[in-house]
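Here's the structure, in C-alpha cells; my notes come after.
The values are calculated or read from the model by the stated rules, or taken from the named source; none is laboratory data. Every value quoted in this text rests on a predicted model; they were computed, and no experiment measured them. Don't worry about glycine lacking a Cβ; one is built from the backbone with ideal geometry, like all the others, and counts go over all protein chains shown. Accessible surface is based on the protein model in full, side chains and every heavy atom, while ligands, DNA and RNA are left aside. Shrake-Rupley method; radii C 1.70, N 1.55, O 1.52, S 1.80 Å.
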Amino acid sequence: MKIENPNPIQWRFSERAAQLQSSFIREILKITQQPEIISFAGGLPSPATFPVDVMKAAFDKVLSANGKTALQYGPTDGYMPLRQWVADSLSGNGAKIAPEQVLMVSGSQQALDLLGKVLIDEGSKVLVETPSYLGALQAFSVYRPQFASVQTDDDGLVPSSLDAVAEGARLLYALPNFQNPTGRSLSVARRQELVETCARLGLPLIEDDPYGSLSYKGDPMPKMLTMNPDGVIYMGSFSKVLTPGIRLGYVVAPLALARRMELAKQATDLHTAQLTQMVVHEVVKDGFLDQHIPTIRALYGNQCQVMLDAMAEHFPAGATWTKPEGGMFIWVTLPKHINAMELLDEAIREKVAFVPGAPFYANEPETNTLRLSFVTVPPERIRQGIEILGKLIKARM
C-alpha cells in the first residue's frame with residue numbers, strides 16, 4: 001500500500017553525530033586508489049608482508065578441528081588462549097601481566113573508542129603529543145574533550161613539560177615507538193621519566209604501540225607498561241605484524257579499567273570475532289612472528305633508506321625531516337611560508353600524494369609540515385615521487 005502525501009522525514013541528528021568529521025587521510029586514500037598515483041599518503045602495511053599461505057593454513061586448521069566453536073559467539077573479553085599469549089609476551093622487567101588484564105578488540109581503533117567512553121566526559125582535559133596520531137584525535141573527539149598539547153622536540157615528548165598542563169587531566173595519550181606521524185621514538189631515559197612523572201601526578205598513561213616490533217635494527221625498546229603496570233594502559237595490534245584485514249588488536253589495563261572497558265564493549269559489538277582470534281592464536285602460538293617480523297623490518301628499513309637518500313638528493317635546503325629507525329613514517333618540516341595543503345594540490349596534479357601535517361595537531365596546527373609513508377611504494381617509484389616532490393618544494397622556496 002502506498003502512503004498518500006507523506007511528510008518529508010525529519011532526520012534529527014544528535015549533537016555528537018553532527019560534529020563527526022571524516023578522516024582526512026581516508027579522503028586522500030580515495031584519490032590514491034588510482035594506479036598512476038605515487039602515494040606516500042597511506043599508513044598501510046605493505047601487502048608484500050602478508051603471510052597469506054600461513055593464514056590460509058591456520059583458517060583451514062581451526063575450521064577443521066574446532067569449527068563449531070570458532071563460528072559461535074565468544075566471550076566479550078576475548079579468546080583466553082590468545083589473551084594468555086598476549087599477557088606472556090608482555091610480561092617482563094619484573095612485571096607479570098595477567099590474562100584478565102587483556103581485552104581483545106576489533107582493531108586498536110576500537111580500543112581508543114572504548115577508552116574514550118570510559119575515561120572522557122564532555123570538557124575533560126586530555127593530553128596529547130604535538131603532533132599526535134590522527135585516529136586517536138578523531139576517536140576521542142566524539143566525547144568532546146578539551147585537548148591540551150604536550151611539548152615535544154626532536155626526541156619526542158618532553159616529560160618535564162607535563163607539570164604545566166597536567167592539572168585535572170584524565171589521561172595522557174602517547175606513541176613512544178616510531179610515532180605516527182613523526183617516526184620519533186622516546187629514549188629509555190625519557191620513558192622512565194615519563195612513567196615516573198605520570199605516577200607522581202596520578203595521571204593515567206596510554207602507551208599506544210602498533211610499531212614497536214618494527215625496529216630496523218631489531219632492538220625493541222622497553223615497554224612503559226612493565227615500568228608501572230598499575231598506571232599504564234597498553235595498546236597493541238596485529239595489523240602491522242600480520243595483516244590489518246583481520247581487525248584484531250588488544251588493550252592491557254589495570255583490572256578495574258579492563259572490566260569497565262569490557263562492559264562498554266558489550267554494548268558496542270558483544271565481542272571480537274572468535275574465528276579470527278582463534279586463527280591468529282594458531283599462527284602466533286609457536287613463534288611464527290619471531291621468523292616473520294625480521295622480514296618486515298628488512299623490507300621497511302630498505303625502503304626508508306631509499307626515501308631518505310632521495311630526499312637528501314632532491315629536497316632543497318630549508319626543508320628538514322626525521323630519520324626514523326623503525327616504523328613506517330618520515331615527518332617533513334618546510335619553511336614557514338609553504339602551506340602543505342596547497343602543495344598537496346600541486347603534487348596530486350603531478351601524480352604524487354602525501355598527507356599534510358595540520359590534521360595531526362590537536363591545537364595550533366603547523367601548516368608547513370607533512371607526513372610521508374614509504375612502505376607500500378617500490379624503490380624506483382619512491383625515487384621518482386621524491387624527485388617530483390622536491391621540484392615542487394623548490395618552486396615555492
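In square angstrom, what is the accessible area per residue of the stretch 36-153 with a 1.4 angstrom probe? Before the final figure, lay out the partial values.
Details: 5000 Å² over 118 residues.
For the stretch 36-153, the solvent-accessible area averages 42 Å² per residue.
Counted over the chain, the DSSP beta bridges are approximately 55% antiparallel.
All other residues with a Cβ under 14 Å from the Cβ of LYS217 taken together, and with Lys, Arg as +1 and Asp, Glu as -1, what is their net charge? Could you put the intermediate results ahead of the total?
Values: positive: ARG297, LYS323; negative: ASP219, GLU325.
That sum, taken over residues with Cβ under 14 Å, equals 0.
Calculated mean residue ellipticity at 222 nm for the chain: -13000 deg cm²/dmol, from DSSP H runs with n ≥ 4 weighted as -39500 (n - 2.57), summed, divided by the residue count and rounded to 500. Computed over the stretch 240-397, the P(r) curve from all C-alpha pair distances, binned at 10 Å from the origin, holds 9, 29, 24, 21, 15, 2 percent per bin.
Against the empirical 2.2 N^0.38 Å scaling, what ratio does the C-alpha Rg of the stretch 208-290 come to? Spell out each step's value before the answer.
Values: Rg = 14.3 Å, N = 83, 2.2 N^0.38 = 11.8 Å.
Computed over Cα atoms of the stretch 208-290, the ratio equals 1.21.
Cross-link partners of LYS351 among lysines, defined as those whose alpha carbon lies under 16 angstrom from its own and excluding same-chain residues fewer than eight positions apart: LYS30, LYS391.
Could you work out the pair-distance distribution P(r) of the stretch 129-193 from its alpha-carbon pairs, with 10 angstrom bin width and percents rounded to whole numbers? All Cα pairs considered, the percentages come to 20, 53, 26, 1.
Peptide packing: for 261-274, 194-207, 168-181, the average count of neighbouring Cβ atoms within 10 Å per residue gives the ranking 168-181, 194-207, 261-274, highest mean first.
Computed from the C-alpha gyration tensor, the three semi-axes of the ellipsoid equivalent to the chain are 32, 26, 26 Å, from longest to shortest. Once the 1.4 Å probe is applied to the protein heavy atoms, the stretch 321-397 comes out at 41 Å² accessible per residue. Can you classify the stretch 144-270 as rounded, prolate or oblate using the Cα gyration tensor, where a ≥ b ≥ c are the square roots of its eigenvalues, rounded means a/c under 1.5, and otherwise it's prolate if a/b beats b/c and oblate if not? Because a/c hits 1.5 or more and a/b fails to exceed b/c, the stretch 144-270 counts as oblate. So, with a 1.4 angstrom probe, what is the percent of accessible area on the chain that is carbon and sulfur? Heavy-atom surface of the chain belonging to carbon and sulfur, 1.4 Å probe: 52 percent.
Under Stokes-Einstein, with the Kirkwood radius over Cα pairs standing in for Rh, what whole-number D in µm²/s applies to the stretch 33-147 at 25 °C and 0.890 mPa s? Kindly include the intermediate steps, with their values, before the conclusion.
On the way: Rh = 18.1 Å.
D = 135 µm²/s.
Calculated from the alpha-carbon coordinates, the stretch 177-252 shows an Rg and a Dmax of 13.0, 40 Å respectively.
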